[in-house]
Each structure stands twice: as structure tokens, then as C-alpha cells.
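J.: Here it is, the structure in full.
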Amino acid sequence: MSRKLRASVAWVVCPACEQQANQVYLGRLVIDLGRTFPEEAALRRRIANVAATAGRTQPARRLVSVERRGPTLEVLTTSEKLAHRIAAELAKVWRGTATYRWSDDGSLFARWRPGRSA
């Protein structure tokens, strides 16, 4: 690429990268684990795998953060659909209950509680 051509290019940051950098999210999933959840490492791997799979077909759908906050694990995503997909996957694997609440702005608040056997 020539210098003249390179100078004429407008460089921008992709919207999903910008959302991650600024901690802006459209999906929020709260997972009620209690003080101890014996399969927390497996659960975190499943969250990462679901996000990686979604990212291959829809690159704008990414994890913003996954943080333990006392008895809960909070997952923030750039897309409400990714948060929904993760909650549904957790409910499928570990049973329990997933609930969803959409806001007027299109964002999603989801909550997942493991079943008694988890």
C-alpha cells in the first residue's frame, strides 16, 4: 500500500471493540451460584465457548466481562442475543431456571439459577 493511499484511509475502531473497551453492554446475565458452585470452572468455560462460537458467525457479539460478585457471577455482553444464548445454554446443561427481561432500549437482563442437583 502506498503512502498516499494509506494517508487517505480513515482508520476506525469496530463498534464491538469500542463497546468492550468502554464497558458498554446490551446484555447482562446474573448467575446465582451461591458461595460455592463445584462446577464454576466448567461453567466459565461453557460461557467462553458459547461466546467464541457466536463470534465466529457474528463477530459483533462478544463478552464485555465475566466477574464474580459475591454469590453471583455477572456476565456482560455486547449483544442481548448473546446473553440470551448463554443463559439458555446454562439452563440446558445444568438445568435450573433462566428468566429474561427486555428493557425499552432493547437491552436484556437475564438471570439463571442452577437446579437443585447442581
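The values are calculated or read from the model by the stated rules, or taken from the named source; none is laboratory data. Just so it is clear, the model here is predicted, and its values are computed rather than measured. Positions of Cβ are backbone-derived with ideal geometry, glycine not excepted, and every protein chain shown enters the neighbour counts.
J.: Are there strands (runs of 3 or more DSSP E) fully within segment 1-86 with at least 3 residues that are loosely packed, with under 12 Cβ neighbours inside 10 Å and at pLDDT below 90? List them.
T.: Working: elements: 27-32, 63-69, 72-77.
In segment 1-86, there are no strands (runs of 3 or more DSSP E) which contain 3 or more residues that are loosely packed, with under 12 Cβ neighbours inside 10 Å and at pLDDT below 90.
J.: Can I ask one more? Give segment 1-58 a look and list any residue that's of a type in the set (Lys, Arg), under 25 Å from Trp102 (Cβ atoms) and in contact with a strand residue (DSSP E or B) (Cβ under 8 Å, 6 or more places away or on another chain), or say none. Show your work before the answer.
T.: Step one: filter segment 1-58 for residues of a type in the set (Lys, Arg), giving 3-4, 6, 28, 35, 44-46, 56.
Retained after the next criterion (residues that are under 25 Å from Trp102 (Cβ atoms)): 28, 46.
Hit for segment 1-58 is Arg28, nothing else.
J.: Further, regarding this structure: Can you tell me which residue within segment 88-114, out of those that are part of a strand (DSSP E or B) and among the small types (Gly, Ala, Ser), is surrounded by the fewest Cβ atoms within 10 Å (Cβ to Cβ)?
T.: Ala98
J.: Give Arg113, Arg35, Arg85, Arg46 a once-over and let me know the one that is out of contact with any Leu (no Cβ under 6 Å at 6 or more places or on another chain) and in contact (Cβ under 8 Å) with a residue 60 or more places away in the chain. Talk me through it step by step, then tell me what you get.
T.: Values: Arg35 fails: in contact (Cβ under 8 Å) with a residue 60 or more places away in the chain; Arg85 fails: in contact (Cβ under 8 Å) with a residue 60 or more places away in the chain; Arg46 fails: in contact (Cβ under 8 Å) with a residue 60 or more places away in the chain.
On inspection, the qualifying residue turns out to be Arg113.
J.: Just to be sure I understand the filter: pairs with C-beta atoms under 7 Å, separated by 6 or more residues or on different chains, first member in segment 4-17 and more than 27 Å from Arg56 (Cβ to Cβ), second member of a type outside the set (A, V, I, L, M, F, W, C) and outside any helix (DSSP H, G or I). Which pairs pass?
T.: none
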